[in-house]
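Here's the structure, in structure tokens; my notes come after.
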Amino acid sequence: MVPCTVPIGRRRQPREVSLRKTVTWIVIADGVKARIVANEGAGKGLAPVPGHAMSTAPHAERDGYSDRPGRVQESSGTSRHAIQPRLDWHRFEKQQFARSVAEMLDAEAGKGAFDRLILVAPPRTLGDLRGALAAPTRAKVTGEIDKDLT
């Protein structure tokens, strides 16, 4: 064996090592439900984040209208038909829900609640979430999965 010697003038000073845990939030959502689970480091597993589960009750299609749809008469002839609604209420409600989830994530990102964010949602909802997130929160997104896991 050869002893290891370090010259006296070249001793290394002990460094301070900051081992701050990296908190990753995983948002599992669809158009009407959202759950958030957190991972607080290697080997810690996933744990639900309390107080952040969100849901909304989808309304029936008939709830979007007050009565029968309007009618229109053809410019040539005497036939009449119903006007199709210009707004898809189901899609509108899903977009609103995605905005509310994004607002909550923006608020929590501002508080420093997480370091990384992973979004898991169906393709349309994922696009709605991505578009509704503020730039600082969007910068924390490290992964996206376009699947409906709810």
TODO: Using a Förster distance of 22 angstrom, determine the FRET efficiency expected from the C-beta separation of residue 55 and residue 147, and round it to 0.05.
DONE: 0.70
- [ ] Just reorder 93, 144, 103, 108 by solvent-accessible area, largest first, 1.4 Å probe, all chains present.
- [x] 103, 144, 93, 108
Open item on the list: Tell me the carbon and sulfur percent of the accessible area for the range 110-150, rounded to whole percent, probe radius 1.4 Å.
Closed with: 52 percent
- [ ] May I ask you to list the lysines whose Cα is less than 20 Å away from that of residue 111, ignoring any residue fewer than eight positions away on the same chain?
- [x] 21, 140
Open item on the list: Testing the spin-label approximation: label points 7 Å from Cα along Cα→Cβ at residue 135 and residue 92. State their distance in nm.
Closed with: 3.1 nm
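The values are calculated or read from the model by the stated rules, or taken from the named source; none is laboratory data. Just so it is clear, the structure is predicted and the values come from calculations on it, not from any experiment. Neighbour counts run over all protein chains shown; Cβ positions are idealised from the backbone, glycine included. Remember, those area values only see protein heavy atoms, side chains included, never the ligands or the DNA or RNA. Shrake-Rupley method; radii C 1.70, N 1.55, O 1.52, S 1.80 Å.
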